[in-house]
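The values are calculated or read from the model by the stated rules, or taken from the named source; none is laboratory data. These numbers come from a predicted model, not from an experiment. Please note: Cβ atoms are built from the backbone with ideal geometry, for glycine as well, and neighbour counts cover all protein chains shown. Please note that ligands, DNA and RNA were not included when accessible areas were found on the heavy atoms of the full protein model with its side chains. Shrake-Rupley method; radii C 1.70, N 1.55, O 1.52, S 1.80 Å.
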There are 2 protein chains.
Amino acid sequence: MPRPRSLTHDQLVAAALAVIDREGLAGLSMRAVAKELGVSTMGLYRYVDDRDELERLVVESVLGAVDTTPPPADAPWQERVATMVRRLRDAVGARPGVIPLTVTHRHRSPGVLRWSETVLGILDDAGFAGARRVVALRALLGYLIGALQLEHLGPLSGAGTATLAALPSADFPHLADTAHHAHEVGADEEFHGGLDILLRGLAEARG
Amino acid sequence: MPRPRSLTHDQLVAAALAVIDREGLAGLSMRAVAKELGVSTMGLYRYVDDRDELERLVVESVLGAVDTTPPPADAPWQERVATMVRRLRDAVGARPGVIPLTVTHRHRSPGVLRWSETVLGILDDAGFAGARRVVALRALLGYLIGALQLEHLGPLSGAGTATLAALPSADFPHLADTAHHAHEVGADEEFHGGLDILLRGLAEARG
DNA sequence: ACCTGAACACCGTTCAAGT
DNA sequence: ACCTGAACACCGTTCAAGT
């Protein structure tokens with residue numbers, strides 16, 4: 001007689017996120033998650049094949065939360081793409097601790113697939129087709145992935161800026177100068193400035 | 001009387017790369033590197049503070065190999081930037097196994113600083129100044145980092161493409177269509193196509 | 001001084017046993 | 001059927017000891 005399962009995937013994910021919030025990603029372990037749930041370590045294996053699957057569930061709970069309904073079609077396509085990019089950025093920005101996990105598990109995420117589907121629809125409306133549309137999507141995804149990592153693990157902000165300012169300005173004159181301007185530019189401006197550059201280039205490359 | 005050290009950092013790095021090449025990044029451990037060198041595990045700690053420093057040395061040997069001498073100044077600035085981007089991509093592409101390590105250690109790499117210095121010089125020539133130059137550099141770095149990860153860990157190429165083609169095309173019509181075109185587009189075209197979009201946008205945003 | 005091996009505090013996971 | 005604890009094969013790193 002099958003007893004009802006006492007745990008849900010959502011509970012596993014919530015426990016894992018609690019561990020990550022409290023002890024950082026390095027503190028994430030099967031033992032820690034089990035303790036968080038008040039369950040034996042091996043109890044987790046009834047709900048999950050291995051650690052890899054637990055990580056996948058965590059990533060999906062973050063990326064799957066992104067709103068992938070198409071933005072209002074009366075806005076210009078650039079604005080609609082920007083909306084989609086912003087939604088994904090906001091979701092990841094709310095949980096920066098999982099960024100290293102998204103790097104490894106992104107390619108199996110249904111949430112990212114849904115996001116890509118919506119963005120491709122917008123690009124289609126904008127007149128992108130065939131190989132050109134493939135390249136456009138990849139350019140957007142590439143920028144998004146890299147920019148998020150720069151933003152949250154990056155060199156020009158936070159502790160990195162101090163390091164940069166201490167550089168021998170004889171060897172790195174431009175970098176030293178840039179360090180001064182860097183802290184005038186907030187993370188939001190920086191991200192959207194780069195996105196803007198990309199969107200301008202897309203408009204030109206639309207053919 | 002100080003005996004001469006029997007190992008150099010270069011030897012440590014070479015051993016670490018040999019382990020990564022043979023067993024993948026997951027196989028990299030202090031024990032494995034020590035065995036590769038025919039030395040006790042703890043022997044490594046005479047040359048390196050901890051595993052983190054070993055990883056940093058590996059990353060620097062890859063990123064530090066990039067040629068950062070400014071490309072000939074008679075070429076258009078877009079072409080010079082493209083050259084710098086290509087150089088970094090080629091260096092990382094030659095050692096894709098270390099990409100996850102570059103994610104974590106990039107911000108402390110002198111090689112990346114030298115690269116950035118050269119790129120900033122080109123952007124300076126092109127008329128970018130102040131905050132605009134900061135944003136331009138970050139956009140390039142963001143794309144580069146993200147695109148390299150997409151290329152080597154990504155969804156649209158390799159195994160991912162097969163997964164994509166198997167998608168329920170009712171739910172993901174654009175994605176299914178894109179999967180068909182995806183394998184017409186090689187990794188090089190894809191990368192350079194995205195870079196081209198970015199450079200066009202930069203030219204427009206130069207103001 | 002340089003290098004070693006045992007030991008400690010962790011991992012993820014297998015397996016036999018409990019209810 | 002669901003859950004547990006002991007055990008195994010790994011980690012990185014500390015520490016006392018060898019030459």
Checklist line | B:Val39 vs. criteria within 16 Å of DNA strand C (Cβ to nearest atom), more than 14 Å from chain A (Cβ to nearest Cβ) and among the hydrophobic types (A, V, I, L, M, F, W, C) | finding: yes
Notebook entry, point to check: Filter the stretch A:17-36 for residues that are more than 8 Å from DNA strand C (Cβ to nearest atom) and among the charged types (D, E, K, R); which is farthest from A:Ile145 (Cα to Cα)?
Noted result: A:Lys35
Next item on the list: Evaluate the following for A:Arg95: is it surrounded by 14 or more Cβ atoms within 10 Å (Cβ to Cβ) and either in contact (Cβ under 8 Å) with a residue 60 or more places away in the chain or within 14 Å of DNA strand C (Cβ to nearest atom) (or both)?
Entry: yes
Notebook entry, point to check: Does A:Ala15 count as assigned by TED's automatic domain parsing to the domain that holds A:Leu195, part of a helix (DSSP H, G or I) and buried (at least 16 other Cβ atoms within 10 Å of the Cβ)?
Noted result: no
Check: Inside the stretch B:24-36, can you point out the residues that are without any contact (Cβ under 8 Å) to a residue 60 or more places away in the chain and more than 6 Å from DNA strand D (Cβ to nearest atom)?
Finding: B:Ala26, B:Gly27, B:Leu28, B:Val33, B:Ala34, B:Lys35, B:Glu36
Item checked: Members of the stretch B:73-92 found to be aliphatic (A, V, I, L, M) and not in a helix (DSSP H, G or I), listed by number -> B:Ala73, B:Ala75
Notebook entry, point to check: Restricting the search to the stretch A:81-102, which residues are within 14 Å of another protein chain (Cβ to nearest Cβ) and within 20 Å of A:Leu195 (Cα to Cα)?
Noted result: A:Val81, A:Ala82, A:Met84, A:Val85, A:Leu88, A:Arg89, A:Val92, A:Pro96, A:Ile99
Notebook entry, point to check: From the list B:Leu57, B:Leu120, which residue is in contact with a His (Cβ under 7 Å, 6 or more places away or on another chain) and more than 14 Å from chain A (Cβ to nearest Cβ)?
Noted result: B:Leu57
Next item on the list: Give the stretch B:37-68 a look and list any residue that's more than 16 Å from DNA strand D (Cβ to nearest atom) and over 22 Å from B:Leu148 (Cβ atoms), or say none.
Entry: B:Gly38
Margin query: Which of the numbered conditions does A:Thr8 fail, given that it passes all the others? Conditions: (1) within 14 Å of chain B (Cβ to nearest Cβ); (2) more than 10 Å from DNA strand C (Cβ to nearest atom).
Written below: (1)
Checklist line | Qualifying positions in the stretch B:19-72 - under 30 Å from B:Met84 (Cβ atoms), open to solvent by 30 Å² or more (accessible area, probe 1.4 Å) and not in a loop (DSSP other than H, G, I, E, B) | finding: B:Asp21, B:Leu25, B:Asp52, B:Glu53, B:Arg56, B:Leu57, B:Glu60, B:Ser61
Next item on the list: Would you mind stating whether A:Asp52 is away from DNA strand C (no atom under 13 Å from the Cβ), under 20 Å from the mean Cα position of the chain (by Cα) and either within 14 Å of chain B (Cβ to nearest Cβ) or touching a residue at least 12 places away in the same chain (Cβ under 8 Å) (or both)?
Entry: no
